[in-house]
Structures are given as C-alpha cells and as structure tokens.
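The values are calculated or read from the model by the stated rules, or taken from the named source; none is laboratory data. These figures come from a predicted structure and were not determined experimentally. Methodologically, a virtual Cβ is constructed for each residue, glycine included, from the backbone with ideal geometry; neighbour enumeration extends over all protein chains shown. Accessible surface areas use protein heavy atoms only, side chains included; no ligands, DNA or RNA. Shrake-Rupley method; radii C 1.70, N 1.55, O 1.52, S 1.80 Å.
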Amino acid sequence: MNRQTLLENPISTSACIRPIELYVFIDPLCGDCSSLPPLLRKLQVEYDRYFTLRIALRTSLPKMNLQCLHKDEDELACERTHPAFPSIAVKTAEFQGKRAGFRYLSKMLEYSFLKSRNVSSFSVLVEIAKKLNLDVDEFIRDFSSKNVLRSLQVDLYMAKEMEVDKAPTFVFFNENIEDEGLKVSGLYDYDVYEQILEELVGGPILPDIPPPLEDLFQRFDTLSTTEIASIYNITEKSAERELKKRLLQQHVERIHFQDMTLWRKKMI
C-alpha cells in the first residue's frame, strides 16, 4: 500500500505543506457513508492545516456495468437509472473543483438518506447539480465523458492497491513517502481520528478556531443544528438560538427532515 505507485501526478505545493494525506473511500449508496460528511466537515474546520483530504470512490464492481455510457449517443438517450450513476456523478462534479465534488457528495447523501430520493436516477443527479449552482450544461456533458470514467477507474484502482474492501475506509499517509498507509475501515467516533492525526504528526495538534457562522455556510451547503453545536463546542440550544437570530434576519433558511433540522444560507 505504497502511495508512490498510486499517484499519477506530483503532489501540489499546498499538499506538501500539510504533513498528512487522508484518503477517504466512500460508496454513495452505503448507509454508513451517510454519516461521513458531518465528521469530515468538522475535521476540516478544526485540523485542515494538518492534512490534505482526498475523497475516493469505492463502488462495488457488480454495479459498474457502464455499457450505455460508452455509446456515442446523447447521454439522455441511455438508460436513465443505474446503480453506478451516483459514483459517476460525484466524479463529474469534481471536474468543477474538489470542493464542488465534496459539496455534491454531501448533498447527494442528504437526498438519498434524508429525502429518500432515488439518486440512481439521472434526472435527480442533475437536480442536485442545479441546487448547488454547478454549471449544469457542463455537468451533463461531462457525465458520459471518458475522462470522468477514467477518473472513477483510478479510484477503483487505488482501492485495490490500498486493499480497501469496504466503505467507508480511511487511509492515512505521513510525510515519509516510503511508509505504509494506516488503514482504518468502518466508522468510529470523532476523537479516534483526532488521535490518529496526533500520532502521525508526532506531537500535540491544536484545533483551529472555527470561522464565523456566515463563513461556514459559504463553505458548506447545509449544516444540522447538532453539527453546528459540535463545531462551535456549544449546546444545541445555544446553537439553535443563534440560528434563529439569523433566520429572523433572513440570513439562513431552515429545512425540516423527519427528526432533523438542516440550515443553509438564505437563497436570494
């Protein structure tokens, strides 16, 4: 599981500044993976300067019969629902930026596990792209491109090389490119990942002070009351009070899903 054999391109300068590389392997149709975005967002807010996050897809191979996507036809002419479409959609969104890819994944998991929408449907995937203000024409055009499929194949190759056989799985690399990665399969409490980062850095790590709430909503599309309370280390009651102030000021919107409340920046 040596990273030197996996990267096609040199690591960017910004990645070199950070001592840890973190690969997170996700299957968009996996129930456990729906709990990942809040955990990853908190890690990014608190410890972003220590690691570079790379989201990779670990889609089960039986789902990957993509014959219709290889035809030289309009992408809308192929079958409109396919279990591989969610993974392809995430890679397609990544072509508009890594942050766009992560925002798309988070929104898609929200659609699937909170709204009970069929994210294997091409029309639903396009709807998500519209919600996130992506370039929808580019998204539709890229969806069936060979470059997107090649990018997905690279993820599957990395999963094989790193011996990742389930999702979610975290793989941590330190600064020494010759060292093996530390693989953590499954989902654990937040402090487990903090401890791993500290061990790999080789000393105490200090969380960053979270940004103002307005800046947080610029970075992430939707956040739950529980998640905001966790990020700012306050009670949920205090978090809700602050959010209601901004609701009255028409800075945020509230969305109810079953027993969860989500908040997002007010759409103009």
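Details
- Asn233 meets each of the listed conditions (1) on the phi > 0 side of the Ramachandran plot; (2) open to solvent by less than 20 Å² (accessible area, probe 1.4 Å) apart from (2).
- Verdict on Ala239 being open to solvent by less than 70 Å² (accessible area, probe 1.4 Å), more than 23 Å from Arg99 (Cα to Cα) and outside any strand (DSSP E or B): yes
- Every residue from region 110-155 that is free of Cβ contacts under 8 Å to residues at least 40 places away in the same chain and touching a Pro at 6+ places or on another chain (Cβ under 8 Å): none
- In the condition set (1) modelled with pLDDT of 95 or more; (2) farther than 23 Å from Glu180 by Cα, Asp32 is compliant with all but (1).
- Considering the conditions (1) in contact with a helix residue (DSSP H, G or I) (Cβ under 8 Å, 6 or more places away or on another chain); (2) more than 30 Å from Gln250 (Cβ to Cβ); (3) among the β-branched types (Val, Ile, Thr), Ile196 is excluded by exactly one of them, (1).
- As a summary of the residue check, Asp191 satisfies the conditions (1) in contact (Cβ under 8 Å) with a residue 24 or more places away in the chain; (2) on the phi < 0 side of the Ramachandran plot; (3) under 22 Å from the mean Cα position of the chain (by Cα) except for the one numbered (1).
- The one condition in (1) in contact with a helix residue (DSSP H, G or I) (Cβ under 7 Å, 6 or more places away or on another chain); (2) open to solvent by 20 Å² or more (accessible area, probe 1.4 Å) that Val154 fails to fulfil: (1)
- The residue list Ser112, Ser116 contains one member that is farther than 29 Å from Arg18 by Cα, in a loop (DSSP other than H, G, I, E, B) and either at pLDDT below 95 or in contact with a Leu (Cβ under 9 Å, 6 or more places away or on another chain) (or both), which is Ser116.
- Residues of region 134-162 satisfying the condition of being at pLDDT below 95 and assigned to a loop (DSSP other than H, G, I, E, B): Ser144, Ser145, Met162
- Exclusive hit being closer than 30 Å to Phe113 by Cα, at pLDDT below 85, in contact with an Asp or Glu (Cβ under 8 Å, 6 or more places away or on another chain) and not polar (S, T, N, Q), set Leu61, Leu69, Leu6: Leu69
- Qualifying residue in region 125-133 (condition: open to solvent by 10 Å² or more (accessible area, probe 1.4 Å), part of a loop (DSSP other than H, G, I, E, B) and under 26 Å from Met267 (Cα atoms)): yes
- Top-ranked residue in region 83-120 [being among the aromatic types (Phe, Trp, Tyr) and farther than 21 Å from Arg219 by Cα; ranked as most open to solvent (accessible area, probe 1.4 Å)]: Phe113
- Cβ-Cβ contacts under 8 Å between residues 6 or more apart (or on different chains), taken from a first residue in region 204-230 that is free of Cβ contacts under 8 Å to residues at least 40 places away in the same chain to a second residue that is in a loop (DSSP other than H, G, I, E, B) and polar (S, T, N, Q), are listed as Ala229/Thr235.
- Beta carbons closer than 6 Å, at least 6 apart along the sequence or on distinct chains, pair a first residue in region 247-268 that is part of a loop (DSSP other than H, G, I, E, B) with a second that is open to solvent by less than 50 Å² (accessible area, probe 1.4 Å) for Lys266/Val252; Lys266/Glu253.
- Scanning region 168-208 for residues that are of a type in the set (S, T, N, Q) and either open to solvent by 50 Å² or more (accessible area, probe 1.4 Å) or not in a loop (DSSP other than H, G, I, E, B) (or both) returns Thr169, Asn176, Ser185, Gln195.
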